[in-house]
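A.B. asks: Got a structure for you, questions after.
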Amino acid sequence: MKVLIPVQDGVFGDAIIEMITNHKWPVDTQFKLFNVVEYTTYGEMIGEMHCCDSTQKVYAERETMAKELLDQYSRQIDFALPGAFVQQKIQCGIPKEMILDEAEAWGADMIVMGSHARKGLSRFLLGSVSMAVLSQAPCSVVIVKLPGQKPAAAGTRTEHETKVEAGVRASA
C-alpha cells in the first residue's frame with residue numbers, strides 16, 4: 001500500500017501524523033511525506049519562473065522549513081511504525097494540482113491530509129485544497145481534522161492562517 005501524506009504546517013501535520021502512527025497499516029506500507037511550497041501571489045510565481053534573487057531566497061527559506069518539518073514527521077513515523085518505508089518530497093507550485101499529480105504519478109492507494117474547514121465565501125475565494133483532492137483524486141482520500149475543530153465562519157481566518165500570512169510578509 002502507498003500512502004501519500006501532504007503536510008503544509010505543524011498544526012495540521014501533527015494531527016495527520018498522530019492519525020498515521022495510531023492506525024494499523026499492512027506490513028509493506030510505503031509512506032510519502034509531501035510538501036508543496038505554495039505560491040502566495042501571482043507575482044511570486046512569475047518571479048520564480050524568471051529566477052528573481054529575492055523570490056529564490058524566500059523559496060529557499062520555505063523549502064528549508066518544509067524539510068525540517070518532513071524530517072520530524074519521518075522520525076515520528078519511523079519510531080511508531082518500525083520497519084515502515086518513509087520517503088519525502090518537496091515541490092513548488094499550487095498545492096491541489098501538485099498533490100493530485102503526485103498521487104497519480106506515484107500510484108498512491110490513499111491520500112491522508114488535513115482540512116482547514118472553511119465554508120461559504122471563504123472557501124470559494126480561497127479555494128479548498130482538500131475538497132479538490134477529495135473530488136479529483138485517483139485513490140481514496142482521508143481528511144483529518146483537528147480535535148474539536150468546527151468549520152470557520154465565512155470570511156474569517158484561523159489563528160494559524162494569520163500566523164502563516166504574517167510569516168510570509170516578514171520573509172518577503
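The values are calculated or read from the model by the stated rules, or taken from the named source; none is laboratory data. A quick note: this is a predicted structure, and the numbers were derived from the prediction, not measured. Cβ atoms come from the backbone with ideal geometry, glycine included; neighbour counts cover every protein chain shown.
A.B. asks: Given segment 91-170, what helices (runs of 4 or more DSSP H) lie entirely inside it while holding 1 or more residues that are modelled with pLDDT of 90 or more and surrounded by 17 or more Cβ atoms within 10 Å (Cβ to Cβ)? Steps first, answer last, please.
C.D. replies: Numbers: elements: 95-106, 121-126, 129-136.
Counting at least 1 such residues, we get 95-106, 129-136.
A.B. asks: List pairs: first residue in segment 62-78 and over 12 Å from Val7 (Cα atoms), second residue among the β-branched types (Val, Ile, Thr) and assigned to a helix (DSSP H, G or I) anywhere in the structure, Cβ distance under 6 angstrom, at least six positions apart or on different chains.
C.D. replies: If the second residue must be among the β-branched types (Val, Ile, Thr) and assigned to a helix (DSSP H, G or I), the pairs left are Gln76/Ile17.
A.B. asks: Need pairs with beta-carbon distance below 7 Å; first residue on the phi > 0 side of the Ramachandran plot and within segment 1-14, second at pLDDT 95 or above and assigned to a helix (DSSP H, G or I); sequence gap 6+ or separate chains.
C.D. replies: Close Cβ pairs (under 7 Å, with a partner that is at pLDDT 95 or above and assigned to a helix (DSSP H, G or I)) do not exist here.
A.B. asks: Do you know which residues across segment 1-16 are more than 17 Å from Ile99 (Cα to Cα) and out of contact with any strand residue (DSSP E or B) (no Cβ under 6 Å at 6 or more places or on another chain)?
C.D. replies: Met1, Gly10, Val11, Asp14
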